[in-house]
């Protein structure tokens, strides 16, 4: 997301950050480059004009050269203006209501509405531990109801059955009554999309909204639509008074400029962004983090949250207790860590989220831990005997040949695995003696080039 915009802005800011003194001329030059980058990213012209005007007023004549780092002070002004444009704070879901809290999802056909509803259901279930019921009122699109039912089974959330012989109004009434009767905390309602906005569709959704009385009405917007998405959002907001927006397909090839335009134009917050096709790839929209991502700053917090959501914390606690008791870190423990790494798709998944000029990426070969690499490491450990896993030092020539044959690898692969294991084992010992702060500096040395 924002890949092209980030690259353009990073190049521009690197020039001005290195300057010991800023002048009106070099500030204006940087502002012109920012303006060009925003327009190329498909940000709405009215938003660009206001953005540039505010940055110029806060930069020129405000004596930012009094700062020890005037270039960074200018960057701070741009960041704050970005945050102001896309929203001052994160606006999460409003679930403060007598159950069931009804959440209505609306949008055009093809925007990813049904998938987004399933993602949202899983997010609420995981983050808020709510009892959720999902229903589809889309009686028009072939297999739409069945698609949502399959997704509900996948995420283990209850699905209220409906069929094409019912009207969307009947389905809404019955689903809400059932949710009340069975004491559900949240009712998620999927509505029918259309290829084009028409009066019939709007009247139907208005009736559903009036009957269900949703605490949230979320508009699903395809970020690849470009400027057309702005006009569509205006119409939906005028007719239905939406409470927030979910941007989908932000991992695609689009320039994503509408993310900077949507909140400013509609006055409604972006609440979530879809970052991929997987059911877990839905993120809260944090304006501060998005601004940092756009400006090429390290978005560490979102990566940490992502890891915490996918990694089995009980395994980490077991390993911590084991180390505290003085037990050695062995290949069985290493195997558990590999399995946890596979859950998050290897480090490559997170590398893609980091700005390309980040210092962590100076030696990109150290960070190559994709699924194939992890699968190979797992196969080698599975080919070892229990005794070899507990005491890897005994793995010599003949044992290496047997393990390589059993795992379909080469002896040099076994050597690399054992070398990387030894590096990690030394780090584990330092955690016990030196504490985590000193260990952090050595983390990149335990990341294998490949196995």
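The values are calculated or read from the model by the stated rules, or taken from the named source; none is laboratory data. Everything numeric in this text was worked out from a predicted model, so none of it was measured. Reconstructed Cβ throughout: ideal geometry from the backbone, glycine too, with neighbour counts over all protein chains shown.
There is at least one residue in segment 194-214 that is outside the structural domain of residue 51 (by TED's automatic domain parsing), modelled with pLDDT of 85 or more, in a loop (DSSP other than H, G, I, E, B) and surrounded by 16 or more Cβ atoms within 10 Å (Cβ to Cβ). Of the residues examined, residue 334 is not one that is in a helix (DSSP H, G or I) and at pLDDT below 60.
Put simply, of 230, 265, 220 the only residue that is closer than 19 Å to residue 110 by Cα and surrounded by fewer than 23 Cβ atoms within 10 Å (Cβ to Cβ) is 230.
Condition check ((1) in a loop (DSSP other than H, G, I, E, B); (2) at pLDDT 85 or above) across all residues:
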| residue | (1), (2) |
| --- | --- |
| 163 | yes, yes |
| 170 | no, yes |
| 175 | no, yes |
| 192 | yes, yes |
| 228 | no, no |
| 254 | yes, no |
| 273 | no, yes |
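Taken over segment 81-112, the criterion of being more than 17 Å from the chain's Cα centre (by Cα) and within 18 Å of residue 236 (Cα to Cα) is satisfied by 103, 104, 105, 106, 107, 108, 109, 110, 111. Condition check: touching a helix residue (DSSP H, G or I) at 6+ places or on another chain (Cβ under 6 Å) and modelled with pLDDT under 70. Does residue 60 satisfy that? So residue 60 fails the test. You will find that of 66, 76, the residue that is under 25 Å from the mean Cα position of the chain (by Cα), more than 19 Å from residue 281 (Cα to Cα) and modelled with pLDDT under 80 is 76 and no other. The residue list 125, 146, 130, 153 contains one member that is surrounded by fewer than 21 Cβ atoms within 10 Å (Cβ to Cβ) and in contact (Cβ under 8 Å) with a residue 40 or more places away in the chain, which is 130.
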